[in-house]
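Read through the structure below, which is laid out as structure tokens, and then see the notes.
Read-outs throughout are calculated quantities, based only on the coordinates presented, and are distinct from any laboratory measurement. Remember, it's a predicted structure, so these values are computed and weren't measured experimentally. Virtual Cβ from ideal backbone geometry, glycine too; neighbours counted across all protein chains shown.
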Amino acid sequence: MTHVWKIAAREYAAYVQTLGFWLSILLLPVGFFVLAVAPTIVQRATPPPALAVVDFSARHLAPEIARAIRLETAGGAPPARLVPAPGAPFADAFDASRRLRPFLAGPSVVADGERLDVVAILRPAGGTVAVDIWSRQVADRSVAGLVSDAVDRAIRRQALARAGVDPAVVAAIDHVSASVTDFSPKAAQGKVALRDRLPGLVGLGMGFLLWMSVLTGAGMLLGSVIEEKSSRILEILLSSVAVWQIMAGKILGVAGVTATVLALWVTIAGVVVAVRYPSLGADLADILLARGLLFYFAVYFVGGYLMFATLYVTIGAFCESPREAQTLLGPMMILISVPLMFMGQALARPDSPVLTVLAFVPPFTPFMMVARVAADPPPWQIAATMALMAAATALEVWVAIPAFRSGALTSGRFDLRTFLAGLSRRLD
Amino acid sequence: MGAALAIDRLTKRYGQVLAVDDLSFEASRGRILGFLGPNGAGKTTTLRMALGLVRPTSGRISILGQEDASKVRARIGFLPEERGLYRRMTPVQAMTFLAGLKGVKTAQARRRAGELLDSHGLGEAKHRQIRRLSKGMAQKVQLLSALAHDPDLVILDEPFSGLDPVNQLSLETLIRSLATRGATVIFSTHVMQHAERLCDQVVLLAAGRKVFDGTVAAARKVAPRSVVLEGPFAGDVLSGLRGLNGLCVERLDGGTLRIVATLDPSVPAQIVLGEVFARGLPIDRFELREPNLHEAFILLTAARPDVGCAQ
């Protein structure tokens, strides 16, 4: 076991002592922070779009749009800013669109020196109102939606008023809504609270965390083995220690690196949660410890990591460069992306037959079960998936050991036939 | 005391390819054995089988008295043919790590690494990252890494390849010092000069089969002696001369010719010289050349049947 620790320690130190490692660790929290504040920063830095309303509907709708903008602003940044239409008045909607179009296409500015972003032309259409939205940015539908909602509300009120309904009654009805409360036998108090939804969210979060860990850890392992293979250090290692010791040492070393990264991220997240949302932190700790989720997460985490790490280490032993590894990494990425597509479904439908079946496919088991386990699947499913995962991992390791040795001693470019022959070496 | 390495009827087959064919030889303890052969002769495969890296198809191996190489790993030093080290490690770190895998305690391994590096002129570079060392220095570190645990058996696969002449000489000295210390050294090469200078025993391999096993002197005797004649005579002047075969003619400056011919082992050189004088040939030089290992190698490996023109 001493040799395993020595190899693991070297592997760990090789990553932890580099500046790139610490930069990549800090990048994720910084990335999350930027992701959280970026919309606000962009919104603050960008002036609200300038909107000109040309109303031919004869229904006095422009003030309704102005009111909607005021309501949406509510102390924050306004969603749009009303400006007079340059060149008004217009003969008709066609004239307005023809004359205002150049203001949206080029650098032309409206009278007050600013660019025009959106033009809303309201015109009568068979007893109702048609709204033509002309925009500088075709992808931005926010102002169009705001105008459309405001016009809808206004013409409905006008229709109700024409039908003799008191405007005060209409205003009162607008505010009527049902009071919905979620209950579930699984909720601690019967009534579903955030705390009851937390286990599912935590499971999903852990599933993604496992996915990221596997991907980053496996990538590190692959790079490390390729480096040792191309420099023939692997051959020296093979002459010094057993194959399983090399594989175990490398996998353990990179697991240590991944654990360091996770520990740092969890610490940072824990501090943020404890400071900003102290009760949420207590709930999370309670969920993880009291319901045994931490144990299940740990088992599936270890199983999943070992399964993919062994595979990547073996692939690395057959490759002299990362480019060669790409031949196999493509299918691997497709394989590892499958649980990513289904994990989200586990939050709403953890007992779905598709998810249950996927949980019994060994490469998907760790991800699917981590995401499902918080929804209390039948105990036999937990036991069976764990047993299946353990058996599949043991089989994989059994096949991988001679394959690794075979790969480490081959030279030349990666060849799929050699790789498959290496995998079948145990069966010789 | 048994052999450090005993190989008995060893065969390795990769599918239809016979890499090593019924090979047997022994390497005595404390001696230097040269494992010679052209590229693809099966040298590396044999060494890998000896180290337990590759499983033989048939045959037996005894290494340091054990049939299972994994039991004596700690007593073996190995340098593979193509080599490198962890580029971001320093020589001391790399050597300490590799010696540690051979069971040497960290403090002892570090001290031993420092001593080895100091004594081989790498003292100033021992705490510099290997990627910042010259190629020659890095190769020296790689070699020393195989020796940091004081192995009883050192297996070096093509250790001279890539080294400049100065470092080649330095490596020869190191190999001799290992044998003096009592270690057995087995090295593969296809550069005969190194084997000729160093080896107590050579084993020649060709197409997976052993073609010679013995001392360097015995190997040399396998090749015929040759005669060199120089003088201003015509090219066919020696035709019909008794005892000379495979004439190789080279025109030198000033109109003289150099003729190199294989000497029939049954004909003494004096007879040839006597006939030359008897014919009245104007010779400037007559030399009886003893065969070298290179010529024996070529002959034994059937790389070229006639060695008459070898220089």
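What is the magnitude of the charge dipole of chain B about its Cα centre, with +1 placed on the Cβ of each Lys and Arg, -1 on the Cβ of each Asp and Glu, and no other charges, expressed in debye to the nearest 20?
Dipole about the Cα centre, nearest 20: 1640 debye.
From the residues B:T45, B:A223, B:H294, which one has its Cα farthest along the dipole of chain B in the positive direction, the dipole being from +1 and -1 charges on Cβ of Lys/Arg and Asp/Glu about the Cα centre?
Result: B:T45, furthest along the dipole toward the positive end.
Which value, in debye to the nearest 20, describes the size of the charge dipole of region A:173-297 about its Cα centre when Lys and Arg Cβ atoms bear +1, Asp and Glu Cβ atoms bear -1, and nothing else is charged?
With Lys and Arg at +1 and Asp and Glu at -1, about 140 debye.
Any of B:K12/B:K210; A:K229/B:K140; A:K250/B:K71 with alpha carbons more than 18 Å apart? Name them for me.
Cα-Cα > 18 Å for A:K229/B:K140; A:K250/B:K71; rest within.
Once the other residues with Cβ under 14 Å from the Cβ of A:V202 are scored (Lys, Arg +1; Asp, Glu -1), what is the net sum?
Around A:V202, the charge tally is 0.
Work out the FRET efficiency for A:S279 and A:L160 from their Cβ-Cβ distance, taking R0 = 56 Å, and round it to the nearest 0.05.
So the FRET efficiency works out to roughly 0.80.
Which of the trypsin sites (Lys or Arg not before Pro) found in region B:64-135 are in a DSSP loop and have at most 12 neighbouring Cβ atoms, other than their own, within 10 Å?
Answer by residue number: B:K105.
At a Förster distance of 35 Å, what's the computed FRET efficiency of A:W398 paired with B:E82, Cβ-Cβ distance as r, to 0.05?
0.75
Positive end of the charge dipole of chain B (Lys, Arg +1 and Asp, Glu -1 on Cβ, about the Cα centre): tell me which of B:G254, B:T90, B:A19 has its Cα farthest that way.
Ranked along the dipole, the leading option is B:T90.
Work out the length of the dipole vector of the protein assembly as shown about its Cα centre, built from +1 on the beta-carbon of each Lys and Arg and -1 on the beta-carbon of each Asp and Glu, and round it to the nearest 20 debye.
I would put it at about 960 debye.
If you build the convex hull over the alpha carbons only and average its shadow over all orientations, what do you get for region B:181-256? Give it in nm² to one decimal.
The number I arrive at for region B:181-256 is 8.5 nm².
What nm distance separates the two modelled labels at A:V30 and B:K135, each placed 7 Å from Cα along Cα→Cβ?
About 3.9 nm, to one decimal.
From zero outward in steps of 20 Å, how is the percent of C-alpha pairs of chain B spread across the bins?
29, 45, 22, 3
Mind listing the phi-derived Karplus ³J(HN,Hα) values for region A:17-27, rounded to whole Hz, using 6.51, -1.76 and 1.60 with θ = phi - 60°, and x for any glycine or proline?
Values per residue, Gly and Pro as x: 7, 9, 5, x, 4, 5, 5, 5, 5, 6, 5 Hz.
Give the Cα extents of region A:203-263 along the principal axes, in whole Å, largest first.
44, 19, 15
With a sphere of radius 11 Å drawn around the Cβ of A:V192, what net charge do the other residues whose Cβ falls strictly inside it have (Lys, Arg +1; Asp, Glu -1)?
+2
For the charge dipole of region B:54-113, defined by +1 on Lys and Arg C-beta atoms and -1 on Asp and Glu C-beta atoms about the Cα centroid, which residue among B:G103, B:S62, B:L79 has the Cα displaced farthest towards the positive pole?
B:G103
With a cap of 14 neighbouring Cβ atoms within 10 Å, and only residues DSSP puts in a loop, list the GluC sites (Glu not before Pro) found in region B:47-90.
Taking region B:47-90 and a limit of 14 other Cβ atoms within 10 Å, the loop GluC sites (Glu not before Pro) found are B:E67, B:E82.
If amide hydrogens are placed 1.01 Å from N in the peptide plane, which non-local residues have theirs closer than 5 Å to the one on B:V154?
B:G77, B:T184, B:V185, B:I186
Would region A:40-160 count as rounded, prolate or oblate if I go by the C-alpha gyration tensor, calling it rounded below 1.5 in a/c and otherwise prolate when a/b exceeds b/c, oblate otherwise?
oblate
Sorted from largest to smallest, which semi-axis lengths in Å does the alpha carbon gyration tensor of region B:7-84 give for its equivalent ellipsoid, taking the root of 5 times each eigenvalue?
Ellipsoid semi-axes (Å, largest first): 19, 15, 13.
Any lysines with Cα under 18 Å of the B:K105 Cα? List them, leaving off those in the same chain fewer than 8 positions away.
A:K6
Mind listing the phi-derived Karplus ³J(HN,Hα) values for region B:160-170, rounded to whole Hz, using 6.51, -1.76 and 1.60 with θ = phi - 60°, and x for any glycine or proline?
Per residue, the Karplus-derived 3J(HN,Hα) values read 8, 5, x, 8, 6, x, 5, 5, 5, 5, 4 Hz.
Using the Karplus curve 6.51 cos²θ - 1.76 cosθ + 1.60 with θ = phi - 60°, work out ³J(HN,Hα) for each residue of region B:125-135 in order, rounded to whole Hz, and write x for Gly and Pro.
These are the phi-based 3J(HN,Hα) values: 9, 5, 10, 9, 4, 4, 5, 9, 8, 6, 4 Hz.
Mind jotting down the distance between the C-alpha centroids of region B:35-58 and region B:224-275, whole Å?
Spelled out, the Cα-based centre of one part sits 41 Å from the other.
So between A:A171 and A:E72, what do we pick up on full extension, going 0.36 nm a residue minus the alpha carbon distance?
33.9 nm
Based on C-alpha coordinates, I'd like the Rg and Dmax of chain A, in Å.
30.8, 95
Trypsin sites (Lys or Arg not before Pro), restricted to region A:144-224: which are DSSP loop and have at most 15 other Cβ atoms within 10 Å?
In loop regions of region A:144-224 (DSSP not H, G, I, E or B), the sparsely surrounded trypsin sites (Lys or Arg not before Pro) are A:K186.
Against the 2.2 N^0.38 Å scaling, with N counting residues, where does region B:142-210 land? I'd like the Cα-based Rg ratio to two decimal places.
1.11
Work out how far the C-alpha atoms of the protein assembly as shown reach from end to end along every principal axis, then list the three figures in whole Å, largest first.
Its Cα atoms span 145, 67, 51 Å along the three principal axes.
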